[in-house]
Amino acid sequence: MEPFVYEALSSRVVFGRGRISEARDELEKLGAKRALVLSTPEQEKDAQALASSLGPLAGGVFSQAAMHTPVDVTNQAMVVVSDKSIDAVVSIGGGSTIGLGKAIALRTDMPQLAIPTTYAGSEMTPIIGQTEDGVKTTQTTLKVLPETVIYDPELTYTLPSFIAGPSAMNAIAHSVEALYAQDRNPIVSMLAQASIEALATAVPNLMSDTLDSEARANAQYGAWLAGACLASVGMAIHHKICHTLGGTFDLNHGAVHCLMIPYTAAYNRDHASEAMKQTASALGVDDAPGGLYDLMLLSNKQKSLRDFGLTESDLDRAATLAVKNPYYNPRPVEKDAIRSMLQDAFEGVRPM
Ligand code: NAD
């Protein structure tokens, strides 16, 4: 066995159907007296219901969370924090809402209770990305890691399949890259494989018209483990290219991860053979990129970069940006090879 370093991140995880009812107890364990409940405008009703269940521990609701954690939204939330003497935050929602909770914790160090309702995985990571004047900056600090997370699969029942499928594939992408990370270790690799298996089993059922509660629970379990992988080891070409495409062309976060993961896996296939074997085994297929492609076809509305409205000249720009600032990837990151991978994704062909 190769030598490795494993560092456990500390967070308390409460998992199970209906366990949102324990939010008040969990806040008390954190020593909170007046908690601010955060949500997006779309999930304000859920935030209000949660606030009611918190009784005197509820200090208010702030429902203006937005994608990519805009600093001006955090500034508005900070006014409420100060006016209402808030001493903890409860984030109910996807990565956008959890991002706002993290941004408040970054400024105040107050405890966070995160209650995720998508599969983005942000609740498990000490990473925060914030946007100001159109520029996104990311930092890693334990200050932003939520102290407690409640995973209640019932909260994901309302997630429409067109968001649930790509969100689950986004989580799979965290785990695939964890398997070939430069700083990988046996513990995180174990989590990654369990996560891919749980998510891949769930994806076909997430796309069905009838609600499958077991699939929703499996997907959330897999998303938790994928978030733990994202938190623990470095990501590579897949995340870099998705951030480049998403940021430059304003593409939907989950959908672009979902489309690209078969192609980035194919890019690395011959340079990360053990990771590919592990991924294929977790997917229950012979070929990892092929298995990911089949799941992508099943779960994404957009089946190619062309479907996102990109043009071939956009691909040239993306390839140039993706090779800027050298970073670790098992296969050297070369512009011509990246451009060719993007062409395959543009055409939506099965990755070879
Ligand atoms: P999101 O939080 O923006 O949610 C998408 C939409 O779905 C929102 O309108 C939301 O209100 C709605 N929604 C969420 N859960 C729902 C449910 N159960 N039922 C119905 N509607 C629901 O999207 P996301 O993909 O969860 O998060 C994306 C953001 O998270 C991005 O900004 C990304 O950069 C960030 N992110 C950060 C990390 C990190 O470690 N810092 C990790 C992953 C993602």
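The values are calculated or read from the model by the stated rules, or taken from the named source; none is laboratory data. Computed from a predicted structure; not experimentally measured. Every residue, glycine among them, receives a Cβ derived from its backbone with ideal geometry; neighbour counts consider all protein chains shown.
For this structure, a couple of remarks:
- Those residues of the range 26-43 which are outside any loop (DSSP other than H, G, I, E, B) and surrounded by fewer than 19 Cβ atoms within 10 Å (Cβ to Cβ), in sequence order: Glu28, Lys29, Pro41, Glu42
- Neighbours by Cβ (under 8 Å, 6+ apart or cross-chain): first from the range 123-138, under 16 Å from Ser232 (Cα atoms); second of a type in the set (Lys, Arg): Pro126/Lys143; Ile128/Lys102
- Residues that are more than 25 Å from Val203 (Cβ to Cβ) and more than 21 Å from the chain's Cα centre (by Cα) are absent from the range 238-259.
- Condition check for Ser91: of a type in the set (Ser, Thr, Tyr) and either farther than 25 Å from Gly222 by Cα or at pLDDT below 95 (or both): no
- Yes/no for Ala223 being hydrophobic (A, V, I, L, M, F, W, C), in contact with a Pro (Cβ under 8 Å, 6 or more places away or on another chain), crowded, with 24+ Cβ neighbours inside 10 Å and closer than 14 Å to Leu191 by Cα: yes
- Flag if Tyr263 is at pLDDT 95 or above, touching a Pro at 6+ places or on another chain (Cβ under 7 Å) and either surrounded by fewer than 24 Cβ atoms within 10 Å (Cβ to Cβ) or in a loop (DSSP other than H, G, I, E, B) (or both): no
- Odd one out for Asn325, checked against (1) on the phi > 0 side of the Ramachandran plot; (2) under 21 Å from the mean Cα position of the chain (by Cα): (2)
- Test: residue in the range 54-66 that is closer than 14 Å to Pro111 by Cα, within 15 Å of the ligand (Cβ to nearest atom) and not in a helix (DSSP H, G or I): no
- Looking across the range 314-352, the residues that are surrounded by 15 or more Cβ atoms within 10 Å (Cβ to Cβ) and of a type in the set (Asp, Glu) come down to Asp314, Asp344.
- Qualifying residue in the range 101-124 (condition: away from the ligand (no atom under 13 Å from the Cβ) and among the β-branched types (Val, Ile, Thr)): yes
- Checked against the criterion of being near the ligand (Cβ under 7 Å from one of its atoms) and touching a helix residue (DSSP H, G or I) at 6+ places or on another chain (Cβ under 7 Å), the candidates Thr74, Thr69 yield just one match: Thr69.
- The listed residue being in contact (Cβ under 8 Å) with a residue 24 or more places away in the chain, more than 25 Å from Val71 (Cβ to Cβ), small (Gly, Ala, Ser) and touching a Cys at 6+ places or on another chain (Cβ under 6 Å), out of Ala164, Ala178, Ala171: Ala178
- Members of the range 125-161 found to be more than 16 Å from the chain's Cα centre (by Cα) and either part of a loop (DSSP other than H, G, I, E, B) or aromatic (Phe, Trp, Tyr) (or both), listed by number: Asp133, Gly134, Thr141, Glu147, Asp152, Tyr157, Thr158, Pro160
- Residues (in contact with a Ser or Thr (Cβ under 8 Å, 6 or more places away or on another chain), closer than 27 Å to Gly165 by Cα and either aliphatic (A, V, I, L, M) or surrounded by fewer than 14 Cβ atoms within 10 Å (Cβ to Cβ) (or both)) located in the range 101-140: Leu113, Ala114, Ile115, Ala120, Met124, Ile127, Ile128
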